[in-house]
1. For the chain, set up a Gaussian network in which alpha carbons nearer than 10 Å are linked by springs, and say which option among LEU251, LEU24, LEU177 fluctuates the most.
2. Considering the chain as a Gaussian network with a 10 Å cut-off on Cα pairs, which listed residue, SER182, SER149, SER224, attains the greatest mean-square fluctuation?
3. Return the long-range amide H neighbours of GLY107 (sequence gap of 5 or more, or a different chain), with a cut-off of under 5 Å between placed amide H atoms.
4. Testing the spin-label approximation: label points 7 Å from Cα along Cα→Cβ at LEU164 and PHE219. State their distance in nm.
5. Tell me the net charge near ASN199. Cut-off is 15 Å between Cβ atoms, ASN199 excluded, with +1 for each Lys or Arg and -1 for each Asp or Glu.
6. Hey, how many Å between the Cα centroid of the range 164-233 and the Cα centroid of the range 236-301?
7. All other residues with a Cβ under 14 Å from the Cβ of LEU51 taken together, and with Lys, Arg as +1 and Asp, Glu as -1, what is their net charge?
8. Holding the Cα-Cα limit at 29 Å, pick out from LYS168/LYS202; LYS26/LYS168; LYS28/LYS196; LYS92/LYS310; LYS185/LYS279; LYS57/LYS165 the pairs that are longer than that.
Amino acid sequence: MSNFLFSVNAVIPLFILTALGWCLTKFKVWNSDFLKTANSISFNILIPCNLFCNIYKANFTEVFDIKLLIFSLITVAIIVGIGFCIVPVLTKDRARQGVVLQALFRGNFALLGLPLCEALAGEQGAQIASVFLAFLIPAFNVLATIILSVYSNDKIESPAQIILKILKNPLIIGCILGLIFSLTKSFFEIPNIIYKPINDLKSAATPFALLVLGGDFKFKSFMSNLKAVISTGLTRLVLVPGVAIAAAALLGFRGIHIALIISTFGTPVAVASTAMTYKMNGDYNLACQVVVFTTVFSALTITMWAFITKTIGIL
């Protein structure tokens, strides 16, 4: 019951903010032009600040598990590899292909993964998760940039153009800067007068992104996308974590390691994925709907995975 209450308390506030964003559009407090600007603010300023601060605070010297990190990165690579083969068969629309494939591996690790790992494995779990954040978030964003570039309705870009787009991506820049300053903070710490405003922007990133997400949510298109949303969402919340947990257990991972696997592969699709999809001309409506669906139903599936892994004695 405690795991269920944790999941509900973690997810329901996100859903409330999303619903509030929808109400603001419904009652014409803001319009589509404002939402376009808001998406740009979220992608170019707020989310990069969020990533920078989360990675900057990670303490690499205290906790670093190379085996678990390699396992997680290999698992993500396998998911992407299988997705490249299967997703184009399931949908022919290139803009939708990128959204679906991104959703399969890009979980909301920064927002839900960290507190979830702490709830399941205590303070040490939170420390390991913070270090993982510094590696997984950049990997997620690089892969998402590549995927959304490849599966775009625009002219297919050359490898050099994709690399340039990765390097210019504000989310990647935020991750790289956070990693650099985190590794060098033992002899140079960012002055509080500079860090505080960045951290204030970081605090606004998630609620602002959720409001915009809700503001752009359209029930009519949701019904037309229902099959794609449900199949993508259930794959993300049930199939992917199920396979990842089973593989980790077979390889001997237990306890904190399983908590981190659940936090990495069992969380809903990252809110930041919608802003990147919008910026890179993917199917933005589908991206929003998948995030909303996985956010709502993750309260049940996260509880399920916590219950199952505790019951069989691997968590």
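1. Looking only at LEU251, LEU24, LEU177, the biggest GNM fluctuation is shown by LEU251.
2. In this elastic network of the chain, the residue with the biggest mean-square fluctuation among SER182, SER149, SER224 is SER224.
3. ALA270
4. Output for this residue pair reads 4.5 nm.
5. +2
6. A separation of 16 Å, based on Cα centres.
7. Numbers: positive: LYS57, ARG106, LYS202; negative: none.
Residues near LEU51 contribute +3 overall.
8. Check vs 29 Å cut-off fails for LYS26/LYS168; LYS28/LYS196; LYS92/LYS310; LYS185/LYS279.
No value in this document is a laboratory result; all are computed from the given coordinates. As the structure is a prediction and not an experimental result, all values here were calculated from the model. Don't worry about glycine lacking a Cβ; one is built from the backbone with ideal geometry, like all the others, and counts go over all protein chains shown.
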